[in-house]
Amino acid sequence: MASDLLSLADASALLGVSSERVRQLVVAGDLPGVRFGNAWAVPRDSVDARRQFSNRRGRPLSARRAWESIAAGDVDLSNVGRYRNRGEVHRYEMSVADLEFVSRQDSVIVSGVAAAVSFGELLRAEPGAADLYVSASAHEQLGSLVAVVRDQLGGVALRVVPDGVWAFVEGLSSGEIEAGHRLAPRAAVALDLMESGDPRHWVAAENLIEARG
């Protein structure tokens with residue numbers, strides 16, 4: 001993993017911003033990061049993904065407004081940060097068996113690569129990696145259901161949706177069931193794929209939006 005990490009200085013050079021600005025992005029949760037003593041490092045693929053986006057334009061939408069845009073399929077994939085409030089990202093490591101158990105819960109909605117594959121995109125889901133949406137209250141109960149380890153570079157991204165918006169999000173996924181998994185709307189899946197550093201995921205994201213339109 002170390003070879004896939006960049007120092008703040010290296011990340012700042014690639015992004016064209018100061019090292020302090022990169023540190024702010026990490027602290028704010030806009031970039032994943034890992035701390036080694038007093039130093040931060042960020043994953044190269046996250047930096048590569050951010051380079052594909054334009055600078056954030058306008059204030060981020062509220063969680064409700066973000067999901068209303070997702071419901072309409074009206075999202076700008078070049079400005080993913082605009083929809084950041086769709087879910088606060090918490091990263092974990094967990095076993096493949098526990099991940100499958102969590103993914104099948106009624107309170108969980110599957111997104112990312114796994115959902116894209118279900119929608120017909122030719123991607124490969126990595127074992128132990130996933131993008132999942134959960135309500136804030138369900139997230140609080142996670143530790144009582146499975147063994148999880150909090151890890152800022154973990155392969156499982158839980159996108160926590162405020163309880164007051166969750167019913168709306170559940171309604172969007174009510175008709176999308178695949179192999180026992182509830183799937184996020186295509187526009188949400190596309191936004192999640194755009195946060196990857198893999199260009200194949202960006203192409204799939206565009207395909208999902210075009211299919212939705």
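The values are calculated or read from the model by the stated rules, or taken from the named source; none is laboratory data. Quantities reported herein were computed from a predicted structural model and do not represent experimental measurements. Note that we place each Cβ from the backbone using ideal geometry, even for glycine, and neighbour counts take in every protein chain shown. SASA here: full protein model, heavy atoms, side chains in, ligands and nucleic acids out. Shrake-Rupley method; radii C 1.70, N 1.55, O 1.52, S 1.80 Å.
Structure summary
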| read-out | value |
| --- | --- |
| Neighbourhood charge, 13 Å Cβ-Cβ cut-off, centred on P127 and excluding it, Lys, Arg +1 and Asp, Glu -1 | -3 |
| Neighbourhood charge, 12 Å Cβ-Cβ cut-off, centred on L8 and excluding it, Lys, Arg +1 and Asp, Glu -1 | +1 |
| Mean Kyte hydropathy of 0.0 or more with a Cα span along the axis of at least 15 Å, helices from DSSP in the chain | 163-173 |
| Segments 189-196, 80-87 sorted - mean Cβ within 10 Å per residue, highest first | 189-196, 80-87 |
| Per residue value of the accessible surface for the chain (all protein chains in place, 1.4 Å probe), Å² | 50 |
| Net charge over other residues, Cβ less than 14 angstrom from the Cβ of L145 (K, R count +1; D, E count -1) | -3 |
| Tensor-based shape of segment 129-213 (alpha-carbon gyration tensor, a/c under 1.5 rounded, otherwise prolate or oblate) | oblate |
| Segment 56-134: C-alpha gyration tensor shape, a/c 1.5 cut-off, then a/b vs b/c | prolate |
| Potential lengthening between A9 and E170 on full extension [0.36 nm per residue; Cα-Cα distance subtracted] | 53.8 nm |
| Area projected by the alpha carbon convex hull of the chain, averaged over all directions, nm² | 11.4 |
| Of all accessible heavy-atom area on segment 158-203, the percent that carbon and sulfur account for (1.4 Å) | 55 |
| Rounded FRET efficiency, nearest 0.05, which uses the C-beta distance separating D163 from L122 and R0 of 45 Å | 0.80 |
| Nitroxide proxy distance, nm - points 7 Å out along Cα→Cβ at R35 and I177 | 4.4 |
